[in-house]
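Chemist: I have a structure here, written as structure tokens, and I will follow up with some questions on it.
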Amino acid sequence: MAERAALEELVRLQGERVRALKQQKASAEQIEEEVAKLLKLKAQLGPDEGKQKFVLKTPKGTRDYSPRQMAVREKVFDVIVSCFKRHGAEVIDTPVFELKETLTGKYGEDSKLIYDLKDQGGELLSLRYDLTVPFARYLAMNKLTNIKRYHIAKVYRRDNPAMTRGRYREFYQCDFDIAGQFDPMIPDAECLKIMCEILSSLQIGDFLVKVNDRRILDGMFAICGVPDSKFRTICSSVDKLDKVSWEEVKNEMVGEKGLAPEVADRIGDYVQQHGGVSLVEQLLQDPELSQNKQALEGLGDLKLLFEYLTLFGIADKISFDLSLARGLDYYTGVIYEAVLLQTPVRAGEETLGVGSVAAGGRYDGLVGMFDPKGRKVPCVGLSIGVERIFSIVEQRLEALEEKVRTTETQVLVASAQKKLLEERLKLVSELWDAGIKAELLYRKNPKLLNQLQYCEEAGIPLVAIIGEQELKDGVIKLRSVASREEVDVRREDLVEEIKRRTSRPLCMC
Amino acid sequence: MAERAALEELVRLQGERVRALKQQKASAEQIEEEVAKLLKLKAQLGPDEGKQKFVLKTPKGTRDYSPRQMAVREKVFDVIVSCFKRHGAEVIDTPVFELKETLTGKYGEDSKLIYDLKDQGGELLSLRYDLTVPFARYLAMNKLTNIKRYHIAKVYRRDNPAMTRGRYREFYQCDFDIAGQFDPMIPDAECLKIMCEILSSLQIGDFLVKVNDRRILDGMFAICGVPDSKFRTICSSVDKLDKVSWEEVKNEMVGEKGLAPEVADRIGDYVQQHGGVSLVEQLLQDPELSQNKQALEGLGDLKLLFEYLTLFGIADKISFDLSLARGLDYYTGVIYEAVLLQTPVRAGEETLGVGSVAAGGRYDGLVGMFDPKGRKVPCVGLSIGVERIFSIVEQRLEALEEKVRTTETQVLASHWWPSSVSRSSRMGSSSSAQWPAGKRWTSEEKTLWKKSKGEQAGPFACAELSRLSGESGTGTM
């Protein structure tokens with residue numbers, strides 16, 4: 001011990017020597033020599049030195065889920081999965097990383113946000129950026145021509161997270177996609193129906209689904225005079241219209257991206273429009289837009305889509321919005337995005353702001369990029385942005401001050417006096433074997449009060465109390481934590497009694 | 001378009017030229033020059049050329065889960081999670097990667113198997129290797145002194161996978177751990193009870209749980225004369241006794257690890273023993289072992305453990321096995337491992353072999369490594385090796401389907417399935433379903449058969465199922 005203290009002191013002194021030399025800007029060799037001495041001293045302290053680094057954080061942009069947060073998460077996933085199943089989707093899973101080549105060339109500008117794995121002598125790998133490219137790879141790999149699947153998993157993006165707004169570097173996506181050559185717009189309409197069903201069931205407030213089409217956007221840019229090469233970059237400027245003003249967007253397009261001002265103005269005339277199917281019909285009559293083949297296709301499909309959405313009873317939630325541009329390169333047809341209209345918060349609290357909670361679209365060319373013969377498999381799908389939804393649901397629960405249980409334990413096996421551990425172990429084992437959710441305190445002689453308190457804190461509704469006298473009488477005292485009522489139950493009837501009490505919908509134990 | 005076709009033809013010809021030169025073993029410079037011309041031509045084809053690389057595989061040691069495999073997985077997880085919940089565990093989740101420092105120094109020799117992330121200018125990260133170290137980090141970070149939690153998630157190890165044996169580089173672990181200062185061996189006994197409940201419920205055949213204790217091992221090595229510095233390495237040799245013979249293990253210890261032969265022999269006298277609580281009592285009387293304080297502690301705790309296991313009704317499944325050593329450095333007390341005694345397979349098929357399907361132990365020092373004040377939080381836990389279980393359950397399903405397929409009657413699939421069911425989703429089955437009439441199907445078999453088709457049959461199919469299952473003789477449609 002004294003040796004170690006002396007050694008630590010030497011390390012400290014040598015460290016100061018090195019610092020002093022650096023400050024005096026001594027020669028590189030001199031510094032190097034003293035640093036080598038320092039490292040040698042540190043090495044003598046042994047590997048324990050490494051253990052004293054206290055790394056108590058998760059990586060930037062990531063977080064743990066506490067039991068409480070897991071309860072919220074499970075609730076949300078239940079709603080989403082039931083909906084996907086209701087629509088007949090199968091489920092798949094893929095690895096957390098893909099070959100780097102698989103992801104290359106699929107995400108455009110966003111490619112710089114991909115997490116790569118270190119080259120450790122094997123294949124070059126990257127963490128998946130979304131669930132869509134893995135899906136396309138899966139389809140091509142298994143030569144599937146049609147499938148309806150959902151996939152819920154975490155994805156990884158190295159951007160700058162604003163943690164309070166529910167954005168992370170590691171986050172869940174819930175994807176639903178329909179792949180296959182079908183008659184137009186039916187699957188597309190079902191995707192929108194699913195989005196609406198989910199957002200309604202989650203009860204997170206009113207929402208709006210904006211719809212547009214890549215072909216309409218491209219056609220519109222063409223007739224406004226945007227050079228082909230600037231399409232994608234102008235697209236991402238236009239996409240900002242939901243967050244910033246038209247003035248700012250125009251400045252970016254003209255000032256930063258070199259677009260002619262009159263072209264920008266023409267774009268402005270279009271993109272500030274939004275409405276229902278009447279806007280579709282209006283644009284079909286637009287003298288310029290109707291000359292553009294692409295735009296016409298897009299408008300025609302949107303008209304059909306609106307007919308189906310009306311039959312699905314959700315047309316009132318849908319808005320045809322010409323400013324919706326969406327980031328990803330692989331969309332080829334209809335695109336959509338759901339936004340919350342207001343976030344239910346307590347008065348005075350900062351709102352989560354406008355943000356999309358779900359999005360998607362049609363992407364007919366992606367699978368063909370993976371198929372050796374370039375065979376296309378048309379796809380349409382949606383992705384639910386659950387992280388934002390988790391935050392909202394958590395806030396809502398806090399506002400309601402609802403107590404969320406993090407365990408499902410039905411009964412605590414307790415003892416009223418000392419030296420009853422054996423009996424408790426036997427009884428709890430009997431309950432487990434009968435499928436009852438039970439716990440016991442890990443103490444030989446716990447106080448009854450502590451055991452009761454444990455139940456209150458964990459929300460456990462029943463206590464099965466073993467007592468010396470009761471043992472002689474062949475009974476167990478069954479106590480309701482909420483009402484504090486106790487009743488003696490014969491040992492052989494206990495399992496039945498507990499099952500009876502815990503099977504009632506509102507646990508009136 | 002024609003330009004591109006011409007260019008592609010030039011690329012093809014140049015490619016052949018390069019191949020020919022290589023075959024003729026032309027000079028390196030000549031080959032290099034022609035390869036440079038080829039690359040230049042390819043570059044002219046433009047970035048599209050990159051898209052024509054057909055990367056149709058998952059990374060080595062990883063796999064997709066098809067809908068059918070997801071059904072198996074969900075079934076298995078349901079059993080495991082119900083058991084964890086039945087024992088009052090909460091659930092947590094942690095990120096797929098940790099700061100590299102968090103994982104450093106925790107896995108001993110296995111550290112070289114950790115996947116690192118590329119240094120992209122930010123924090124140095126590594127993919128998690130297990131769920132235990134993240135758990136210890138979580139406890140220290142949140143200053144928790146007690147919790148009972150389960151965690152089901154994938155972990156990552158860069159070793160050489162033998163895919164057919166159910167081992168991968170990315171695989172699920174199902175962990176259950178109890179952290180906290182409690183009276184001895186009660187939580188440890190509950191962990192073993194949980195392991196037995198899960199393995200029984202999964203119905204994957206008979207199993208045995210081997211139990212030992214780090215302190216007994218260390219005490220035994222000490223009295224046999226193993227030098228302190230060789231403890232861990234001798235430990236890993238001894239651990240191989242479940243796979244290889246004592247002769248081989250002894251050779252490794254003496255020949256490769258420099259242990260004196262007489263020391264090895266003394267070890268051999270101990271480690272080849274296994275039994276029930278009677279072995280514990282016997283060793284408590286062992287003249288040498290009983291002189292060692294550590295070994296005595298371990299034996300005392302094991303005796304208490306066996307009492308509790310008897311009260312839990314599982315003592316008959318537990319074997320005190322002195323050869324159980326287990327890899328990980330952080331175990332400090334009781335250690336255990338469950339093995340399947342026989343894998344139910346079809347005759348003539350290769351067995352999955354002896355292998356552990358669950359393991360765990362007590363690790364009292366790990367959280368203290370994360371706490372700034374070195375505060376200890378004792379922990380004990382278990383991990384279920386589900387990948388092996390998935391394989392077994394899948395095999396069992398296939399065996400059941402094989403039973404269906406080998407009967408005489410043929411029925412057209414189109415009569416069975418509602419037209420909305422996609423054929424492509426029925427993986428692993430032929431499109432003409434063979435329905436064996438003249439047999440009563442149990443509802444479990446029906447469910448398994450339906451699930452094997454990767455979906456739930458609708459009311460149409462169900463009606464047909466009931467009709468035919470009541471028939472005798474052939475059921476040709």
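The values are calculated or read from the model by the stated rules, or taken from the named source; none is laboratory data. As the structure is a prediction and not an experimental result, all values here were calculated from the model. As a convention, Cβ positions derive from the backbone with ideal geometry for all residues, glycine included, and neighbour counts pool all protein chains shown.
Chemist: Counting only residues that are touching a residue at least 12 places away in the same chain (Cβ under 8 Å), of a type in the set (Gly, Ala, Ser) and either closer than 25 Å to B:Phe84 by Cβ or more than 12 Å from every other protein chain (Cβ to nearest Cβ) (or both), how many does the stretch A:61-81 have?
Modeler: 1
Chemist: Tell me which strands (runs of 3 or more DSSP E) are completely within the stretch A:411-509 and hold 2 or more residues being within 24 Å of A:Arg68 (Cα to Cα), or say none if there are none.
Modeler: Those strands (runs of 3 or more DSSP E) span A:411-415, A:462-466.
Chemist: Return yes when A:Leu131 is within 24 Å of A:Val377 (Cα to Cα), in contact with a helix residue (DSSP H, G or I) (Cβ under 7 Å, 6 or more places away or on another chain) and either surrounded by 20 or more Cβ atoms within 10 Å (Cβ to Cβ) or not β-branched (Val, Ile, Thr) (or both) and no when it is not.
Modeler: no
Chemist: So which residues in the stretch B:319-341 are more than 18 Å from the chain's Cα centre (by Cα) and either surrounded by fewer than 23 Cβ atoms within 10 Å (Cβ to Cβ) or not hydrophobic (A, V, I, L, M, F, W, C) (or both), if there are any at all?
Modeler: Residues satisfying the conditions are B:Ser319, B:Asp321, B:Ser323, B:Asp329, B:Tyr330, B:Tyr331, B:Thr332, B:Gly333.
Chemist: I would also like to ask the following. Would you be able to say whether some residue in the stretch A:359-368 is hydrophobic (A, V, I, L, M, F, W, C) and modelled with pLDDT under 90?
Modeler: Looking through the stretch A:359-368, none of the residues is hydrophobic (A, V, I, L, M, F, W, C) and modelled with pLDDT under 90.
Chemist: Moving on to the next point. Across the stretch B:94-104, which residue is nearest to the other protein chains (Cβ to nearest Cβ) among those that are crowded, with 17+ Cβ neighbours inside 10 Å and among the charged types (D, E, K, R)?
Modeler: Applying the filter and picking the extreme gives B:Glu98.
Yes/no matrix, rows are residues, columns are (1) in contact with a Lys or Arg (Cβ under 9 Å, 6 or more places away or on another chain); (2) within 11 Å of chain A (Cβ to nearest Cβ); (3) without any contact (Cβ under 8 Å) to a residue 12 or more places away in the chain:
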| residue | (1), (2), (3) |
| --- | --- |
| B:Arg128 | yes, yes, no |
| B:Phe135 | yes, yes, no |
| B:Lys143 | yes, yes, yes |
| B:Asn146 | no, yes, no |
| B:Tyr150 | yes, yes, no |
| B:Arg169 | yes, yes, no |
| B:Gln181 | yes, yes, no |
| B:Pro187 | yes, yes, no |
| B:Ile204 | yes, no, no |
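Chemist: Here's another thing I want to ask about it. Say we look at the stretch B:105-120 and pick out the residues that are among the hydroxyl-bearing types (Ser, Thr, Tyr) and within 15 Å of B:Thr132 (Cβ to Cβ); which of these is modelled with the lowest pLDDT?
Modeler: Checked the stretch B:105-120; the qualifying residue modelled with the lowest pLDDT is B:Tyr107.
Chemist: Here's a follow-up. For A:Leu279, indicate whether it is outside any helix (DSSP H, G or I) and either touching a His at 6+ places or on another chain (Cβ under 7 Å) or crowded, with 17+ Cβ neighbours inside 10 Å (or both).
Modeler: no
Chemist: Can you find a residue in the stretch B:222-235 that is at pLDDT below 95 and either under 20 Å from A:Val413 (Cβ atoms) or within 18 Å of the chain's Cα centre (by Cα) (or both)?
Modeler: no
Chemist: Take the conditions under 21 Å from A:Arg501 (Cβ atoms) and free of Cβ contacts under 8 Å to residues at least 40 places away in the same chain and apply them to A:Glu422. Does it pass?
Modeler: In short, no.
Chemist: Hey, could you check the stretch A:55-92 for residues that are part of a helix (DSSP H, G or I) and of a type in the set (Phe, Trp, Tyr) and say which is nearest to A:Phe171 (Cα to Cα)?
Modeler: A:Phe77
Chemist: Still on this model: Would you mind telling me which numbered condition in (1) in contact (Cβ under 8 Å) with a residue 24 or more places away in the chain; (2) in a helix (DSSP H, G or I); (3) more than 29 Å from B:Phe135 (Cα to Cα) B:Gly258 fails?
Modeler: Single failed check for B:Gly258: (2).
Chemist: Against the conditions (1) out of contact with any Phe, Trp or Tyr (no Cβ under 9 Å at 6 or more places or on another chain); (2) at pLDDT below 95, where does B:Asp218 fall short? Just the number, please.
Modeler: All conditions pass for B:Asp218, except number (1).
Chemist: Another question, if that's okay. Considering only the stretch A:425-457, state which residues are more than 10 Å from every other protein chain (Cβ to nearest Cβ) and free of Cβ contacts under 8 Å to residues at least 12 places away in the same chain.
Modeler: Those that are more than 10 Å from every other protein chain (Cβ to nearest Cβ) and free of Cβ contacts under 8 Å to residues at least 12 places away in the same chain: A:Lys447, A:Leu449, A:Asn450, A:Gln453, A:Glu457.
Chemist: Does B:Gly374 satisfy being in contact with a helix residue (DSSP H, G or I) (Cβ under 7 Å, 6 or more places away or on another chain), among the small types (Gly, Ala, Ser), modelled with pLDDT of 90 or more and under 27 Å from B:Gly105 (Cα atoms)?
Modeler: no
Chemist: Give me a count of the residues in the stretch A:105-126 that are more than 7 Å from chain B (Cβ to nearest Cβ) and of a type outside the set (A, V, I, L, M, F, W, C).
Modeler: 10
Chemist: Taking only the stretch A:368-385 into account, find how many residues are within 13 Å of chain B (Cβ to nearest Cβ) and under 24 Å from A:Glu197 (Cα atoms).
Modeler: 0
Chemist: Assess whether B:Val334 counts as being touching a Gly at 6+ places or on another chain (Cβ under 6 Å) and away from every other protein chain (no Cβ under 14 Å).
Modeler: Judged against the criteria, B:Val334 is a match.
Chemist: Please go through the stretch A:218-237 and pick out each residue that is free of Cβ contacts under 8 Å to residues at least 60 places away in the same chain and not small (Gly, Ala, Ser).
Modeler: Correct list: A:Phe221, A:Cys224, A:Val226, A:Pro227, A:Asp228, A:Lys230, A:Phe231, A:Thr233, A:Ile234.
Chemist: Could you tell me whether the stretch A:389-411 includes any residue that is among the hydrophobic types (A, V, I, L, M, F, W, C) and at pLDDT 95 or above?
Modeler: yes
So that you can scan it fast, the table gives a plain yes or no per residue for (1) within 23 Å of B:Tyr65 (Cα to Cα); (2) out of contact with any helix residue (DSSP H, G or I) (no Cβ under 8 Å at 6 or more places or on another chain); (3) modelled with pLDDT of 95 or more:
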residue: A:Leu127; (1), (2), (3): yes, yes, yes
residue: A:Lys143; (1), (2), (3): yes, yes, no
residue: A:Ala153; (1), (2), (3): yes, yes, yes
residue: A:Cys174; (1), (2), (3): yes, no, yes
residue: A:Ile178; (1), (2), (3): yes, no, yes
residue: A:Met185; (1), (2), (3): no, no, yes
